[in-house]
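I have placed the structure first, in the form of structure tokens, so that the comments after it can refer back to it.
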Amino acid sequence: MILPGSSSQALAAALADALDEPLAVPEFRRFPDGELLVSAPALVGEGDAAGRAGSTGTDADAAGVDVDGGRAVVVASTLTSDAHVELLQLQDAAREAGADEVVAVVPYMGYARQDKAFKPGQPISARAVARAIGAEADRAVLVNPHEPSIADFFDVPCEAVDAGGTLAEPLPGDLSEPLFLSPDAGAIDLAETVRGAYGRGDADYFEKSRDYDTGEVEISPSGAPVEGRDVVLVDDIVATGSTMSEAVAVLGERDAARVFVACVHPLLASNARTKLEAAGVEAIYGTDTIERDVSAVSVADDVAAAL
Ligand code: R5P
């Protein structure tokens, strides 16, 4: 049984297809005080539809899917604090219905970039949310978390799936002398993965520095020649778009031909999309860990393989 959070409905459906498992249709409600109630009326324990429904205040579907003693896979990218609560509620609803195994699939894990206390008095937010998720799950599956070590914050087994190879799929087949560039050293492995999946080209990385108070990003070009070449900028996430728009602009100044952006998590917060377009990006490709119009490929098969 696959249970989708509101931000991962397409991916959950693709995963249900890939695994040939039933897809629950959850209901998302918000009370006047702002609290959420996410429930899955079709999720029932054996012969216990009415009783289970009574505990969540929802009407049971008599033809509900029995998860009693079975596996429930909750699929929810935690883009917002509300999405975190949805994930926890769905995990609890699955347990309440008698699921024997609850698996938390968190395709995009919010707060993962707060993986250390950057200043005295700050929390390690990634650890805090990992522990909360792990409290109601038997195991967890993440997709390209910001750092692989994020998996260690979970108190239950956690696997980090690498979906980087899928990013080669939507790229045009006619890239000229392609160069796969990550905006910093931390994402060079991802750039190498995409280059490997594409089948030809070079890989390199920029040096990046960010002012953490203003968010401004400075990019120092790599030594790789870019003039007249098609460049694919590869990163795990495009959030504010400051990193990628700066990189696109630098490449434009250095007479690169077309510049594409490929990322696993196309968060594209606020004006990120406009910043990229204004900088001259040719196209943006992302996966469905975050469901956006640029989500050109699905990580469903990679996640299914981990399940
Ligand atoms: C940083 O280490 C990440 O890999 C990304 O480069 C960064 O989070 C992107 O953020 P933004 O889009 O806000 O520049």
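The values are calculated or read from the model by the stated rules, or taken from the named source; none is laboratory data. These numbers were taken from a predicted model, which means no experiment stands behind them. All Cβ positions, even for glycine, are placed from backbone atoms using ideal geometry, and neighbour counts span all protein chains on display. Side chains are part of the model used for accessible areas, which takes the heavy atoms of the whole protein and leaves out ligands, DNA and RNA. Shrake-Rupley method; radii C 1.70, N 1.55, O 1.52, S 1.80 Å.
Quick notes on this one:
- In summary, the convex hull built on the alpha carbon positions of region 165-288 has an orientation-averaged projected area of 6.7 nm².
- Compared with the direct C-alpha span, the chain from SER209 to LEU36 gains 58.4 nm at full extension, assuming 0.36 nm per residue.
- Euclidean distance of C-alpha centroids, region 1-25 and region 170-192, integer Å: 31 Å
- Alpha-carbon Rg/Rh ratio, for the chain, with Rh computed the Kirkwood way: 1.02
- Estimated inter-spin distance, SER149 and GLU218, nm [label 7 Å along Cα→Cβ]: 2.6 nm
- The base-10 log of I(q)/I(0) for region 2-162, evaluated at q = 0.10, 0.15, 0.19, 0.21 Å⁻¹, reads -0.36, -0.77, -1.16, -1.35 [Debye formula, identical scatterers on Cα atoms, solvent excluded].
- Solvent accessible area, Å² - ARG200, 1.4 Å probe, full protein context: 100 Å²
- Accessible-area value, VAL74, 1.4 Å probe, nucleic acids and ligands omitted, Å²: 0 Å²
- The gain in end-to-end length when the THR274 to VAL25 segment is fully stretched comes to 86.2 nm, 0.36 nm per residue minus the alpha carbon separation.
- Its residues counted as N, region 105-230 yields a C-alpha radius of gyration over 2.2 N^0.38 Å of 1.27.
- Kirkwood hydrodynamic radius over Cα pairs of region 238-295, then Stokes diffusion coefficient at 4 °C and 1.567 mPa s, in µm²/s: 115 µm²/s
- Kirkwood-based Rg to Rh ratio, region 102-143, C-alpha trace: 1.04
- Each residue was assigned an accessible area with a 1.4 Å probe, and for PHE31 the value is about 80 Å².
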